[in-house]
């Protein structure tokens, strides 16, 4: 076997690992687009317009090695204070807790909106426990959130999940959400913390272009 071929085969697993965060970012974009393209069943746009940050975890799975919980990786983007646009995405890992998988689904897509600065500060720490360190509530579904309850108004984080085509608000508690420095390095070429990514002028990777465009589209045209 030629040395060049041996080298190519040896590098293939490394390339796959490097591209995994990019592929997951494309999945996050796809699931967000699918949810928001059905206004009567998606995240209310007025809430998205008010949100400080969004977290998308595509394909959250039941994890046998996480006692009584789940495991998944996803992305966080926050509002830029200067222009109100959306930041380059940072990567997150979610472990443990329970999302209450609907109708027996073994995999689900998870969405969270962080509704105030205090919640954003907790989200951008190296890790925090949902529910224990900040109020989290099941988010409303539909075009408008005008039927908000007091619990929703006080919640720092609103959350939803989709499993087997069913999209609904879900009370996600007890899970640990932490930044993933290795995946950030794969996307940006160096180990950046999520706070550095979303609060500075770090350029978004090409794979994030469509997601950021969708976030701008659906958070700007409230009631569209």
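Any read-out appearing in this document is the output of simple, stated calculations on the displayed coordinates, not a laboratory observation. Since the structure is predicted, the reported quantities are computational estimates derived from the model, not experimental observations. Neighbour counts are summed over all protein chains in view; Cβ atoms, including those assigned to glycine, are modelled from backbone coordinates with ideal geometry.
Numbers below:
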item	result
Net lengthening on full extension, residue 125/residue 19 (0.36 nm per residue, minus Cα-Cα)	35.6 nm
Separation of the residue 33 and residue 213 label points, Cα + 7 Å toward Cβ, nm	0.9 nm
Inter-site label distance for residue 164 and residue 185 at 7 Å from Cα along Cβ, in nm	4.0 nm
